[in-house]
1. Considering only segment 16-51, state which residues are open to solvent by 30 Å² or more (accessible area, probe 1.4 Å) and assigned to a strand (DSSP E or B).
2. Mind checking which pairs have a first residue in segment 271-289 that is over 23 Å from G629 (Cα atoms) and a second that is modelled with pLDDT of 90 or more and in a loop (DSSP other than H, G, I, E, B), Cβ under 6 Å, 6 or more apart or different chains?
3. Identify, please: which residue in segment 157-178 is outside any helix (DSSP H, G or I) and in contact with a helix residue (DSSP H, G or I) (Cβ under 6 Å, 6 or more places away or on another chain) and is, among those, nearest to I220 (Cα to Cα)?
4. Name the residues in segment 742-754 that are among the small types (G, A, S), open to solvent by 40 Å² or more (accessible area, probe 1.4 Å) and touching a helix residue (DSSP H, G or I) at 6+ places or on another chain (Cβ under 8 Å), would you?
5. What number goes with the only condition from (1) open to solvent by less than 10 Å² (accessible area, probe 1.4 Å); (2) more than 16 Å from the chain's Cα centre (by Cα); (3) modelled with pLDDT of 80 or more that S285 does not pass?
6. Take the residues of segment 439-486 that are among the aliphatic types (A, V, I, L, M) and more than 29 Å from the chain's Cα centre (by Cα): which is nearest to V388 (Cα to Cα)?
7. Filter segment 675-690 for residues that are open to solvent by 40 Å² or more (accessible area, probe 1.4 Å) and out of contact with any Leu (no Cβ under 7 Å at 6 or more places or on another chain); which is nearest to L431 (Cα to Cα)?
8. So, restricting to helices (runs of 4 or more DSSP H) that lie completely within segment 659-768, which ones have at least 3 residues that are more than 17 Å from G629 (Cβ to Cβ) and in contact (Cβ under 8 Å) with a residue 60 or more places away in the chain?
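The values are calculated or read from the model by the stated rules, or taken from the named source; none is laboratory data. Note that this is a predicted model, so its numbers are computed, not measured. All Cβ positions, glycine included, derive from the backbone under ideal geometry; neighbour counts span all protein chains shown. The protein model used for the area step is the full one, side chains on, heavy atoms only, and it has no ligands, DNA or RNA in it. Shrake-Rupley method; radii C 1.70, N 1.55, O 1.52, S 1.80 Å.
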Amino acid sequence: MDELTTPVRQHHELCVGRLQTYLSVKSQVPNNDTLTVRQYSAGQSNPTFLIQTPSKSYVLRKKPPGELLPGAHKVDREYRVQKALFSAGFPVPQPLLHCTDAEVIGTEFYLMQHVKGRIFRDLRLPGVSAAERTALYVAAVEVLAKLHSMDLVSLNLEGYGKGRGYCRRQVSTWTKQYTAAAHRDIPAMNELSDWLMKNLPANDNEVALVHGDFRLDNLIFHPTEARVIAVLDWELSTTGQPLADLAYFLMPHYWPTSLNVISTMGSLRGIEGIPTVGDLISIYSRCRGIPSALPQLNFYLALSVFKMAGIAQGIYARHLLGNASAPNAAQFGQCVEPLAKVALQIAQRSLTDPREDRLFLQTAKGQAALQQVKHFMRQYVLPAQEEVAEYYSKHAQSPQRWNTPQIIEDLKVKSREAGLWNLFLPAVSGLTQLDYAYIAEETGRCLFAPEVFNCQAPDTGNMEVLHMFGSEEQKRKWLEPLLRGEIRSCFCMTEPDVASSDATNMECTLHREEDNFVINGKKWWSSGAGNPQCKVAIVMCRSSSQDAGSRHSQHSMILVPMDTPGVKLIRPLTVFGQDDAIHGGHFEVHFENVRVPASNIILGEGRGFEIAQGRLGPGRLHHCMRAVGLAEFALELLCQRATSRRTFGKTLYQHEVVAHWIAECRLMIEQTRLLTLQAAHALDTLGSRAARKQIAMIKVAAARMACKVVDCAIQVYGGAGVSGDFPLAQMYSNVRTLRLADGPDEVHLSSIAHLELRDQLKKTQAKL
């Protein structure tokens with residue numbers, strides 16, 4: 001590190017004796033040790049010093065002397081965030097002490113561990129092989145993704161920044177900073193500031209810990225490995241939109257080759273080995289589990305360059321004031337205007353999305369909603385799992401198990417306030433089926449997550465039925481309170497006394513008596529019926545008055561309030577011994593001379609199968625994408641176990657059979673995801689009827705895939721996998737049920753074969 005330091009510059013001199021006395025009192029250095037101080041030549045903001053004794057080395061960062069810009073050089077914030085991150089295991093130097101007494105060395109400062117490693121001052125990595133350039137940039141973007149995945153609550157940094165509205169604040173802050181530091185008027189900076197304020201992202205609600213100045217030269221790499229061992233310079237860190245951090249890291253890829261901010265900060269275009277923007281975004285997105293299509297990337301890039309120009313102006317202003325931290329501060333004044341012009345070029349052209357050729361892209365609104373859901377899941381839903389599990393364990397033998405735990409009710413309030421409510425219904429949310437498919441995958445990672453967003457089955461299917469086919473009175477009475485989350489519902493179709501895989505076998509009857517319908521029959525597997533808030537059932541019945549010659553026009557759907565005389569909850573059924581109370585159970589329900597108004601019939605008598613086809617398409621899609629999310633979680637658990645346990649002298653993953661399981665699981669998940677997204681796209685573009693084959697295919701593929709992935713995970717966990725200590729047994733119970741719910745695999749396979757033969761026949765006829 002010696003080559004990165006110089007003797008302390010005159011205007012940054014400090015009293016070594018007072019510093020040594022202070023550090024001795026704080027038990028950091030012995031009082032009789034020789035203390036040497038050298039100043040780092042790099043770094044343009046807070047002066048940084050290497051402090052050495054014969055046995056130890058430290059790094060000291062302090063405020064610059066003299067007049068400072070308002071709100072800048074907050075070393076106390078640097079100390080706080082590093083302390084939180086170090087405690088959480090994130091790679092930062094260990095902070096040791098923070099001193100607010102300016103009498104010690106003239107300004108406030110903090111001391112941290114000296115980390116030995118490699119710092120690459122030139123972003124282009126001259127003298128490094130192409131292969132190592134790739135590895136270094138990949139390691140950098142992976143650690144950035146890890147930073148953005150840190151939980152603010154766990155870090156105790158909830159109040160560290162202002163959170164939402166980050167982009168607007170950044171534009172405002174850097175406009176003020178630039179204006180305060182400007183030594184001359186630069187029209188391009190004014191124009192850029194105006195453009196940014198007028199083109200703020202429509203959705204700026206995601207909140208993560210952001211570094212604010214994440215560049216390769218602010219990282220320390222392992223001496224011999226392409227691994228980040230410390231992230232430096234946290235002065236600009238706050239909470240806000242993580243994509244702004246990523247864009248700042250990507251920014252040099254977009255600079256023209258003629259632009260050099262300083263000699264070590266030039267364009268990355270055309271340099272062998274440095275990954276492309278598309279590759280870096282793909283790696284970052286995979287690490288965070290988000291789509292690679294980034295909305296409004298040009299805004300974030302333009303903001304990043306504007307920020308860089310503002311920083312350059314501030315450095316030059318400190319040079320003019322005589323309190324700059326680095327000897328090359330004067331160079332920065334000449335790059336402000338060129339940077340502003342580059343930013344305007346980025347802002348005013350439509351950037352090619354590095355993944356625009358990716359299949360099944362979400363809309364910008366869908367991408368924004370997914371980011372919000374992911375953040376909400378990390379911040380609120382996943383941390384609540386333990387409390388929810390404790391509730392059901394505590395009330396396992398009590399009627400209270402059928403109630404929704406208060407923590408879930410509280411989360412529902414939060415999600416509604418955040419605008420993450422009823423996302424499944426395009427007419428309400430403005431999302432496409434493809435948009436929501438990605439969201440359903442995310443909620444599949446947690447058993448109760450769909451309910452938090454009012455997107456749980458069977459209510460979603462029932463709401464879709466009422467939205468598409470309900471009368472105005474039915475919508476007012478039942479759909480509106482369901483959409484508000486005030487009530488729950490169930491769907492009664494399967495029957496215990498007949499083979500319900502052939503829905504025409506149904507025996508529950510419906511006959512009209514004047515202005516009423518009378519219902520008699522038995523249903524079971526009526527999911528959600530046990531929840532006290534379940535106020536209405538949609539019941540599929542055989543209409544006795546319909547033409548017996550038409551098998552698919554004999555059935556009707558009718559709304560039955562659960563408190564109607566004659567509606568009897570007989571018993572909760574168990575799935576592999578569990579009553580699934582968290583979903584309101586799966587009940588056997590009897591209807592004995594149940595009388596409801598004729599106005600409760602949906603669409604009309606004999607229209608039941610017509611309604612069912614409209615209902616089941618989106619519902620099956622949601623189930624399948626949730627199964628993909630569940631499988632991703634199961635594979636994560638599998639890999640964690642496979643890398644942490646040893647048998648027969650090897651780590652589990654080193655056994656070829658386990659390695660092959662991991663590979664096969666990844667293949668199956670990716671194949672099923674693509675097939676399901678294709679079905680979602682077909683629903684959006686062709687409609688439910690035209691997408692029947694795709695829907696049937698995913699219904700078979702997703703359940704089979706999820707069963708296999710969870711089964712592999714159970715096998716790797718051994719006895720623990722089938723215990724209640726891990727979620728795998730319950731996950732298997734859920735996904736195995738999917739092979740029967742909404743029709744067994746065999747029925748769907750027959751449908752697929754029939755539709756395939758029809759399509760092949762059309763091709764043959766076309767050739768003839």
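1. Once the filter is applied, which keeps residues that are open to solvent by 30 Å² or more (accessible area, probe 1.4 Å) and assigned to a strand (DSSP E or B), segment 16-51 yields T36, R38.
2. Between residues of segment 271-289 that are over 23 Å from G629 (Cα atoms) and residues that are modelled with pLDDT of 90 or more and in a loop (DSSP other than H, G, I, E, B), the close pairs are I271/R124.
3. Within segment 157-178, the first condition is being outside any helix (DSSP H, G or I), and the residues that meet it are 157-165.
Restricting the remaining residues to those that are in contact with a helix residue (DSSP H, G or I) (Cβ under 6 Å, 6 or more places away or on another chain) gives 157-158.
Values: L157: 24, E158: 27 Å.
Here the answer is L157.
4. S751, the sole residue that qualifies.
5. Exception for S285: condition (2).
6. L479
7. So in segment 675-690, the residues open to solvent by 40 Å² or more (accessible area, probe 1.4 Å) come out as 675, 678, 681, 684-686, 688-690.
From what is left, the residues that are out of contact with any Leu (no Cβ under 7 Å at 6 or more places or on another chain) are 675, 678, 685-686, 688-690.
Values: L675: 20, Q678: 16, T685: 13, L686: 16, S688: 16, R689: 20, A690: 20 Å.
Filtering first and then ranking leaves T685.
8. Answer list for segment 659-768: 692-717, 745-767.
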